[in-house]
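A short worksheet on the structure shown next.
The values are calculated or read from the model by the stated rules, or taken from the named source; none is laboratory data. On a predicted model such as this, the values are computed, not experimentally measured, just so you know. Positions of Cβ are backbone-derived with ideal geometry, glycine not excepted, and every protein chain shown enters the neighbour counts. These accessible areas exclude ligands, DNA and RNA; they are computed on the full protein's heavy atoms, side chains included. Shrake-Rupley method; radii C 1.70, N 1.55, O 1.52, S 1.80 Å.
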Amino acid sequence: MELRQIRYFIALADELSFTRAARRLHVSQPPLSFQIAALEAELGARLFHRTSRSVVLSEAGKAFLPHAQAVLARLEEARSHVTRVASGLQGRVQVGLAGSHFLGPFPQFIQQFRLQRPAVELVLHEMKPSDHLQALRDGRLDLCVSRNPLNDSQLSAALLWRDPVVVALPPGHRLAQRRQLRLADLRDEDFVFLRLDSSPFAARLFEACLWAGFAPKIAQQVVEVPAALNLVAAGLGVALVPASMAQLRADAVGICRLGPAARAGDKASQARQAKAPDINGDVYALWRTGDAAPAVAEFTKLLVDWAGGLPAWVGR
């Protein structure tokens, strides 16, 4: 049984006229008559009663009609489904992110994306930043939101938003009135530090302190930035955190910008500083290079476009 025969049957059942049915199907009457006869032969039943003046559905034809209509309806449903998947309007996207990103601008995009692409299943996986890259390579994630700049031929990255690192200070701290600090100014401070094994971002912060000439005195270690800010607010030490996160506790901690480590006019120090690790908290989207999943590509494009319209965090 061919789909063409089913289409011809439904058209003739609707029109009850070979002439009108042929016109509707854009075929001549002989091919229409031939296909109807072939369908009846395959089913072993007459589907129409024909006279010189009329065409009427037989009882067998009436019984077959809803089945034929259901077949075409399912075919149209399949075609529509394939079209939506191919265009990224339907599918599944698995996103990895650290808990701190639930407090930044990213949830605003999720809300907008859900309104724009309601048929796309979005699964958010909260996990340690140190696990993101392996999860991408393993296929457990399609994309991750990360503060880790990428240098990997298997993965691609796009900057979402800038997020400079600032110093969070306990209330009333002697340095809280300063608008800008250098890392070296924190040499003698107790630190609330992100766990080095949980985040490459934390490792970069630690290395930057070493470049500034001291190993930070870590009084407390935490996994997430909000926890670090809460401990700073409680007076347990200072912390190096992204500006966007510090802003969330601006009522409870002092916030100072980080200035260049090298003093003006000190050429030797400036040359050394040029080789120092970058300690910004900029946020990136990371995904597998060449991933052809349309829903993932659509999600990534919309995210990057949306992030491009965000205001800078600098100065906040």
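A residue that is over 30 Å from Pro129 (Cβ atoms), within 44 Å of the chain's Cα centre (by Cα) and among the acidic types (Asp, Glu) can be found somewhere in region 2-11.
Of all residues in region 1-57, those satisfying the criterion of being farther than 19 Å from Val71 by Cβ and among the small types (Gly, Ala, Ser) are Ser17, Ala22, Ser28, Ser33, Ala37, Ser52, Ser54. Inside region 1-26, residues that are touching a residue at least 12 places away in the same chain (Cβ under 8 Å) and among the basic types (Lys, Arg) make up a count of 3. Only one entry in Leu196, Leu159 is at pLDDT below 95 and under 30 Å from Ala297 (Cβ atoms), namely Leu159.
On the basis of being part of a loop (DSSP other than H, G, I, E, B), within 30 Å of Arg140 (Cα to Cα) and either open to solvent by 60 Å² or more (accessible area, probe 1.4 Å) or in contact with a helix residue (DSSP H, G or I) (Cβ under 6 Å, 6 or more places away or on another chain) (or both), does Gly96 make the cut? It is false that Gly96 is part of a loop (DSSP other than H, G, I, E, B), within 30 Å of Arg140 (Cα to Cα) and either open to solvent by 60 Å² or more (accessible area, probe 1.4 Å) or in contact with a helix residue (DSSP H, G or I) (Cβ under 6 Å, 6 or more places away or on another chain) (or both). Taking each residue of region 136-158 that is on the phi > 0 side of the Ramachandran plot and looking for partners that are open to solvent by 50 Å² or more (accessible area, probe 1.4 Å) and not acidic (Asp, Glu) with beta-carbon atoms closer than 9 Å, six or more apart or interchain, yields Gly139/Arg288.
Being open to solvent by less than 50 Å² (accessible area, probe 1.4 Å), within 30 Å of Val304 (Cβ to Cβ), modelled with pLDDT under 90 and in contact with a Ser or Thr (Cβ under 6 Å, 6 or more places away or on another chain): is that true of Gly88 here? Judged against the criteria, Gly88 is not a match. Restricting Leu286, Leu231, Leu240 to those that are touching a Cys at 6+ places or on another chain (Cβ under 9 Å) and at pLDDT 95 or above reduces the list to Leu240.
Taken together, Asp138, Asp152, Asp142 contain a single residue that is closer than 17 Å to Arg288 by Cα, crowded, with 21+ Cβ neighbours inside 10 Å and not aliphatic (A, V, I, L, M), which is Asp142.
Report, by residue number, each residue of region 15-28 that is farther than 18 Å from Glu59 by Cβ and surrounded by 13 or more Cβ atoms within 10 Å (Cβ to Cβ).
Once the filter is applied, which keeps residues that are farther than 18 Å from Glu59 by Cβ and surrounded by 13 or more Cβ atoms within 10 Å (Cβ to Cβ), region 15-28 yields Glu15, Ser17, Phe18, Arg20, Ala21, Ala22, Arg23, Arg24, Leu25, Val27.
Residue pairs whose Cβ atoms lie under 7 Å apart, sitting 6 or more positions apart in sequence or on different chains, and linking a residue in region 51-76 that is at pLDDT 90 or above to a partner that is of a type in the set (Val, Ile, Thr), are Ala68/Ile6; Ala68/Ile10; Gln69/Ile10.
Of all residues in region 232-246, those satisfying the criterion of being in contact with a Phe, Trp or Tyr (Cβ under 9 Å, 6 or more places away or on another chain) and farther than 17 Å from Arg147 by Cα are Gly237, Val238.
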